[in-house]
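The values are calculated or read from the model by the stated rules, or taken from the named source; none is laboratory data. None of the values given here were measured: they were computed from a predicted structure. In this analysis, Cβ positions are derived from the backbone assuming ideal geometry, glycine residues included, and neighbour counts consider all displayed protein chains. These accessible areas exclude ligands, DNA and RNA; they are computed on the full protein's heavy atoms, side chains included. Shrake-Rupley method; radii C 1.70, N 1.55, O 1.52, S 1.80 Å.
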Amino acid sequence: MLMSFTASSAAESFASWIDGSWRESDTRYPALNPATGQPFTNLEAASTRDVDIAVASAGAAFRKTRGVRPATRAGWCRSAAQALLASHEELAEVLSTEHGKPVAEARGEILFAVRGLEMAAESVLALSGESPQVEDPNKRVVVRREGLGVWAVITPWNFPVNIPVEYIGPALASGNAVVWKPAPTTAVVAAKFREILLAADFPQELLQLVITNEVEVAGHLVTHPEIVAVGFTGGSGTGRSIAKSAWDKKLLLELGGNSPIVVLGDADLEIAAAAISNAAFWNAGQVCSAAGKVLVAASCADELARLLAKRADDTVVGSPLDPDVTMGPVHLESGIARYERLIADARERGATVVTGGERIAEKDGFFFHPTVISSVGRDAAVFSEETFGPIASLTVFDDEEDMIAAANAGDFGLVGALFTTDLSKGFQIGERIDCGLVVVNDTTNYWEYSLPFGGAAGRHSGRGRLGGRWVIDEFSQVKTLAIDVR
């Protein structure tokens, strides 16, 4: 059963919240602390039968609340924001312990999520309907938006509070119900977040929580006949699998990235180094918008590498609960094997590791040195793959057109960045980088809830848009009412 959490005394286990209660299971799996590599509690794994109950309960709640007005639904989101704000310090400790991010970053993530719930309330109130003119003089037509039904929302471990809010807030505001399956490795955070939301004023069955580490159970949720839409943030491979199996449902997919960062010869290198360091080392680089391939003009490549290496070396790596630490462990030990593979491959192809490049052996847990690699060839795997770790890799170019072509090469098109002191070039080149979001003279990690976020068409970075009024469009559908007035 669900119990309270402290870093020093964890609960015996944490469970799913289904049909109005915490649901125990015959199957448990351990939750790991990435700073120690050791289990600190257990999680109750839901079954396919639990999924059926959750979907049925969410469906009943959707039908019961279908006529609720937008102002009331906006109030639900504001109430959820207040509940989250009141408990954010407690939740930040849980998040830091289970995920591994520094507690200051954890606190910032939760407060950003509070703003997300508030923004969902504001966005739904800004929607308006239409009464288009028609040729039939006996008809009056109203076009409005309404909720779709029960959504399956599947979220990743890298932002286990903020990313769920990106879906849950707009879903509730738009008149939907949600069955939420969090990442299995941050399900303690999810259970505590769901517990906090029990204090919020909304029909609680509209938000079901299903915890599982079984692919079969997740697949059952995605393909369930009463699920009308699927929202997923995660890897591109999993996104493709979901799109194939849930082809008959509406899909909102936010997938992988390999953010191209173009640094022109006229760039302010101090600004560029600060922004790229944020993109590479914040959240230990475990961000879909993290620094991917840094494409730098030959005239400033050596100096940029030096500035980035200094920032990497100045990063304080350690226990995420230490307030002086600026980078904690990476979340999964399997990530370290991927970083080592990418770095070894780059070295074999002529790249130079300027700093870092290896696991921090003297620390327990999953710690990796912040890393800067220079002279990376375009044939290196790190140039084209999503790193998802604390690595900044630099590739040198002599020609601006070649840089732009390299920025657009590959499968991804989520976020890109450009550094230049010429704002005319900023606009002109920024418009030519094929990403859903391009940032000029700042980190690729820049985003606000009021902005649309998603991948460029024809790439492997997703489908649809999160953020602002655009996500409300995703979570609602157009309904046309034609009334004969005779």
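At 0.36 nm per residue, and after removing the present C-alpha to C-alpha distance, how many nm does the segment from residue 122 to residue 214 gain when stretched out fully?
29.4 nm
Here residue 477 and residue 204 are evaluated by their C-beta separation; at R0 = 30 Å the FRET efficiency comes out at 0.75.
Model label points for residue 303 and residue 362, set 7 angstrom from Cα along the Cα-to-Cβ axis, are 3.4 nm apart. Taking the stretch 18-52 and a reference point 7 angstrom along Cα→Cβ of residue 223, no backbone N atom is nearer than 13 Å. In loop segments of the stretch 311-409 as defined by DSSP, the GluC sites (Glu not before Pro) with at most 13 further C-beta atoms inside 10 Å of their C-beta are 358, 362. Legend: distances between Cα atoms for 181/249; 244/479; 181/293; 249/479; 101/363; pairs beyond 22 Å are 244/479; 181/293.
If the segment from residue 112 to residue 245 were pulled out straight at 0.36 nm per residue, it would be longer than the present Cα-Cα gap by 44.6 nm.
For 17, 282, give the ranking by accessible area with the largest first, probe 1.4 Å.
Putting 17, 282 in descending order of accessible area: 282, 17.
To the nearest ten degrees, helix 187-197 and the longest principal axis of the Cα atoms of the chain are 50 degrees apart. The length gained by stretching the chain between residue 409 and residue 349 to full extension, at 0.36 nm per residue less their Cα-Cα distance, is 19.7 nm. Between helix 162-174 and the chain there is an angle of about 30 degrees, using the helix long axis and the longest principal axis of the Cα atoms.
Chymotrypsin sites (Phe, Trp or Tyr not before Pro), restricted to the stretch 187-248: which are DSSP loop and have at most 15 other Cβ atoms within 10 Å?
247
Rolled with a 1.4 Å probe across the full set of protein chains, the surface gives residue 359 an accessible area near 80 Å². Using a simple spin-label model with pseudo-atoms 7 Å out from Cα toward Cβ, residue 71 and residue 321 lie 4.7 nm apart. Modelled label positions at residue 142 and residue 90, each set 7 Å beyond Cα in the direction of Cβ, lie 4.3 nm from each other. For the chain, the antiparallel share of DSSP beta bridges with both residues in that region comes to about 40%.
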